[in-house]
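For reference, the structure is listed below as structure tokens.
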């Protein structure tokens with residue numbers, strides 16, 4: 001459940017939500033990614049990490065099979081769950097729409113960054129011996145080592161798929177100034193005539 005927050009706006013506990021996680025597969029990494037997103041963008045949310053988290057929801061089926069999963073929702077950890085849970089009294093009046101919208105935005109950003117972004121149709125990928133991107137996270141200048149001296153087109157996209165910056169070069173060391181970019185997650189597509197790879201970076 002992601003729609004109930006019983007605390008009045010501005011009071012202690014307002015906009016608290018739980019991230020239930022266990023040390024199964026890459027579940028903790030999912031939690032870490034969610035926290036990174038919360039720290040990168042402006043969300044009106046207060047995360048409470050619960051480890052070991054509850055198994056009382058559908059995500060536990062993934063845990064039981066050794067797959068990564070977390071549960072994100074209203075804060076059972078602070079006893080702030082809807083009193084009408086699974087009853088006929090669970091009506092829209094119980095929903096805090098601003099709170100629900102914030103959690104929905106968080107999950108949407110996570111899905112966009114986890115799924116990645118590939119604007120090309122190329123099947124062949126550039127190897128680490130051909131191209132290296134660093135540093136990541138980056139604060140000022142993103143470096144692309146073009147070890148094979150290929151003609152490369154480098155394109156930076158935001159999480160919506162909007163092209164932010166592009167550059168073409170066959171230099172061994174290619175620099176892209178990202179100081180004017182807003183903090184957040186970006187995707188860098190590096191393409192030669194025959195290969196293409198997309199990398200996720202974080203701008204600090």
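Mean-square fluctuations from a GNM of the chain, with a 10 angstrom spring cutoff on Cα atoms, peak among 158, 32, 16 at 32.
When the Gaussian network model of the chain links Cα atoms closer than 10 Å, the mean-square fluctuations of 175, 74, 193 top out at 193.
On the beta carbon distance between residue 151 and residue 44, with R0 = 45 Å, the FRET formula returns roughly 0.45.
Once the Cα-Cα distance is subtracted from the 0.36 nm per residue extended length, the residue 88 to residue 114 segment shows a gain of 5.7 nm. Measuring from centroid to centroid over Cα atoms, what is the spacing of region 30-45 and region 126-164 in Å? Taking the Cα centre of each part, region 30-45 and region 126-164 sit 24 Å apart. With contacts taken as Cα pairs under 8 Å and at least 6 residues apart, region 1-143 reaches a relative contact order of 31 percent.
Relative to the longest principal Cα axis of the chain, at what angle does helix 97-115 sit, 0 to 90 degrees, rounded to 10? Computed tilt is about 30 degrees. Past the 24 angstrom mark, what percentage of all C-alpha to C-alpha distances in region 16-115 do you count? That tail contains 24 percent of the Cα-Cα pairs. Helix 27-40 against the longest principal axis of the chain: what's the angle in degrees, Cα atoms only, rounded to the nearest 10? That helix lies at roughly 80 degrees to the long axis. What the Cβ-Cβ distance of residue 204 and residue 105 gives, at R0 = 25 Å and to the nearest 0.05, is a FRET efficiency of 0.75.
Gain on full extension, evaluated as 0.36 nm per residue between residue 78 and residue 134 minus their Cα-Cα distance, stands at 16.0 nm.
Values in this text are rule-based calculations from the coordinates and carry no lab data. Values in this document were obtained by computation on a predicted structure and should not be read as measured data. Backbone-built Cβ (ideal geometry, glycine too); neighbour counts: all protein chains shown.
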